[in-house]
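Heads up, the thing below is written out as structure tokens.
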Amino acid sequence: MARPALLPPTPRNVEAAARALAAGELVAFPTETVYGLGADATDGRAVARVFAAKGRPRFNPLIAHVAGPEDAFALGAFGPLAREVAARFWPGPLTIVVRRAPDCPVAPLASAGLGTVALRVPGLALARDLIARAGRPIAAPSANRSGRISPTCAAHVAEELGGAASIILDGGPCAVGLESTVLDLSGGAPVLLRPGGTTREALEPLTGPLAAPRPGGPVVAPGMLASHYAPERPLRLDAAGPEPGEAYLAFGPAPEGAFAATLSADRDLAEAAANLFGLLRALDRPEVRAIAVAPIPETGLGRAIVDRLRRAAAPR
Ligand code: TXA
Ligand code: MG
């Protein structure tokens, strides 16, 4: 397949990317969380190409990205709580799952045939500009092969999804570095389907206590599967230090050694989140037999970091 053009996000290039999306092509673009592999969400054939490029199981639905809350309200059934949550957290790293509106134009394949649709207004202005210019909702999973580490810079996308996208917009590194939080407001009690860039602590004053996903519930989402976000080498968690042959990912002062790095020298969780996926890729080297990772506190963004690390460490 042809190498896609890796383009700086000039107005001209964003316009070209929007036209490519409208023509049914795939475009990789940055958001504040991770890079997405975008397609016209209303075009079933374009959406099918996204599933094929990622090797993604068809039962795992995609997020439809829109330029503003009003666009989301046209696609799904937003009750009073969902509207309040949208007003408070959009644009930003939060995905809201609601029931599909009766005339919702999002291709059924994008929501994996479910009666619900996942919607997000990205925090990065460049992403909203692209979506607005394309003039349609954009289905975009993280731009990685299914089950692998999400991309937080354009080079990761180029390495892994090479020829799938006609254009890769290079907006530099992603500020948040972890995927959006997925909040299900489609039924009775609000359910936290995936911890992410919006913390539970920020949500709960508005939503009340968030329930955990029901095991064996209607959606079996690979973001929720035990093994996901996996590097090639095995991971060993809660490690005080590396054992012989291991790389080491610290949380705190930077360790010595060729295959050692720190998520954050100051133990800052936002910095750690932004560094996590890039450092996992960097340490996932043939010279090491495993990657040992320091303990991370499970509060705020630490919950999403630990969630990703546990899935990356799970048996496959
Ligand atoms: O930050 C993000 O969310 C990134 C950027 C590109 O926006 N996107 C992303 O997409 O992480 P993806 O496909 O890797 O993860 C989407 C998650 C999956 O766990 C999927 O199962 C869940 O959202 N999801 C999508 N539609 C859903 C639905 N209707 N009901 C329940 N879960 C849904
Ligand atoms: Mg993903």
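The values are calculated or read from the model by the stated rules, or taken from the named source; none is laboratory data. Since the model is a prediction, treat every value here as computed from it, not as a measurement. Please note: Cβ atoms are built from the backbone with ideal geometry, for glycine as well, and neighbour counts cover all protein chains shown.
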- Does L185 fit the bill of being surrounded by 21 or more Cβ atoms within 10 Å (Cβ to Cβ) and more than 15 Å from the chain's Cα centre (by Cα)? yes
- Message: Here are the criteria: (1) among the hydrophobic types (A, V, I, L, M, F, W, C); (2) within 13 Å of ligand 1 (Cβ to nearest atom); (3) assigned to a loop (DSSP other than H, G, I, E, B); (4) buried (at least 20 other Cβ atoms within 10 Å of the Cβ). Tell me which single one F59 does not satisfy.
- Response: (4)
- Note on the structure: Expected single match for modelled with pLDDT of 95 or more, under 21 Å from the mean Cα position of the chain (by Cα) and either crowded, with 17+ Cβ neighbours inside 10 Å or in a loop (DSSP other than H, G, I, E, B) (or both) among A48, A17 is A17
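Can you pull out the residues in segment 98-112 that are touching a residue at least 12 places away in the same chain (Cβ under 8 Å) and either away from ligand 2 (no atom under 16 Å from the Cβ) or closer than 14 Å to G38 by Cβ (or both)? Lay out the reasoning, then the answer.
Initial filter on segment 98-112 (touching a residue at least 12 places away in the same chain (Cβ under 8 Å)): 98-101, 104-112.
Those that are touching a residue at least 12 places away in the same chain (Cβ under 8 Å) and either away from ligand 2 (no atom under 16 Å from the Cβ) or closer than 14 Å to G38 by Cβ (or both): V98, R99, R100, A101, C104, P105, V106, A107, P108, L109, A110.
Rundown of residues vs (1) hydrophobic (A, V, I, L, M, F, W, C); (2) out of contact with any strand residue (DSSP E or B) (no Cβ under 7 Å at 6 or more places or on another chain); (3) surrounded by 21 or more Cβ atoms within 10 Å (Cβ to Cβ), yes/no style:
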| position | (1), (2), (3) |
| --- | --- |
| L94 | yes, no, yes |
| D103 | no, yes, no |
| G113 | no, yes, no |
| V117 | yes, no, yes |
| P122 | no, no, yes |
| R128 | no, yes, no |
| P141 | no, no, yes |
| E159 | no, yes, no |
| G162 | no, yes, no |
- Of all residues in segment 129-164, which are within 15 Å of ligand 2 (Cβ to nearest atom), within 16 Å of T31 (Cα to Cα), of a type in the set (A, V, I, L, M, F, W, C) and in a helix (DSSP H, G or I)? V157
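A quick yes/no check of all residues on (1) surrounded by fewer than 20 Cβ atoms within 10 Å (Cβ to Cβ); (2) in a loop (DSSP other than H, G, I, E, B); (3) more than 25 Å from the chain's Cα centre (by Cα):
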residue: Y229; (1), (2), (3): no, yes, no
residue: D238; (1), (2), (3): yes, yes, no
residue: Y248; (1), (2), (3): no, no, no
residue: P253; (1), (2), (3): yes, yes, yes
residue: E256; (1), (2), (3): yes, yes, yes
residue: A261; (1), (2), (3): yes, no, no
residue: R267; (1), (2), (3): yes, yes, no
residue: A273; (1), (2), (3): no, no, no
residue: L276; (1), (2), (3): no, no, no
- Message: Take L192 and tell me if it is assigned to a strand (DSSP E or B), without any contact (Cβ under 8 Å) to a residue 24 or more places away in the chain, more than 9 Å from ligand 1 (Cβ to nearest atom) and crowded, with 19+ Cβ neighbours inside 10 Å.
- Response: yes
- When residues of segment 113-158 are filtered for being farther than 25 Å from L280 by Cβ and of a type in the set (D, E, K, R), how many remain? 4
- Can you confirm whether segment 72-84 contains a residue that is within 26 Å of A274 (Cβ to Cβ) and surrounded by fewer than 17 Cβ atoms within 10 Å (Cβ to Cβ)? no
- Query: Condition test on A143, is it touching a helix residue (DSSP H, G or I) at 6+ places or on another chain (Cβ under 8 Å), under 15 Å from I63 (Cα atoms) and of a type outside the set (D, E, K, R)?
  - Reply: yes
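For A39, indicate whether it is assigned to a helix (DSSP H, G or I), closer than 26 Å to I96 by Cα and modelled with pLDDT of 95 or more.
Numbers: assigned to a helix (DSSP H, G or I): no; closer than 26 Å to I96 by Cα: yes; modelled with pLDDT of 95 or more: yes.
So A39 fails the test.
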